[in-house]
Amino acid sequence: MSSVHTEIIYQRAAARRSGISSSLIRALEKNGHYPCRVQLTDGKSGYVAAEIEQWLQARIELRNERMKEEAPVSPKRSEEAPVSPKRSEEANG
């Protein structure tokens with residue numbers, strides 16, 4: 001039987017890894033937008049570190065998708081505004 005190592009981190013560490021405050025983590029978790037805690041004992045709970053990493057990766061992927069949608073398309077060289085004759089003369093000397 002193979003052993004599986006599951007890292008559990010506490011809320012303060014989850015906040016550091018996520019870059020957001022503990023209070024925001026609680027609010028996001030309550031609304032189903034952040035990984036749920038695992039109850040370890042009556043008075044102690046923690047987060048599965050791998051789930052926090054997956055949540056962060058999903059946020060990164062969402063950002064990348066939004067950037068693709070918002071990226072301006074650069075015009076082709078032939079579609080650019082023509083150079084005025086005055087600028088052309090100045091360039092040629």
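Just a few scattered comments:
- Among the residues of segment 9-24, those identified as over 15 Å from Q54 (Cβ atoms) and outside any loop (DSSP other than H, G, I, E, B) are Q11, R12, A13, A15, R16, S22, S23, L24.
- Selection count, segment 1-39, where residues are modelled with pLDDT under 95 and of a type in the set (A, V, I, L, M): 2
- Among the residues making up segment 6-41, a single one is in contact with an Asp or Glu (Cβ under 7 Å, 6 or more places away or on another chain) and either of a type in the set (G, A, S) or loosely packed, with under 15 Cβ neighbours inside 10 Å (or both): C36.
The values are calculated or read from the model by the stated rules, or taken from the named source; none is laboratory data. Quantities reported herein were computed from a predicted structural model and do not represent experimental measurements. Don't worry about glycine lacking a Cβ; one is built from the backbone with ideal geometry, like all the others, and counts go over all protein chains shown.
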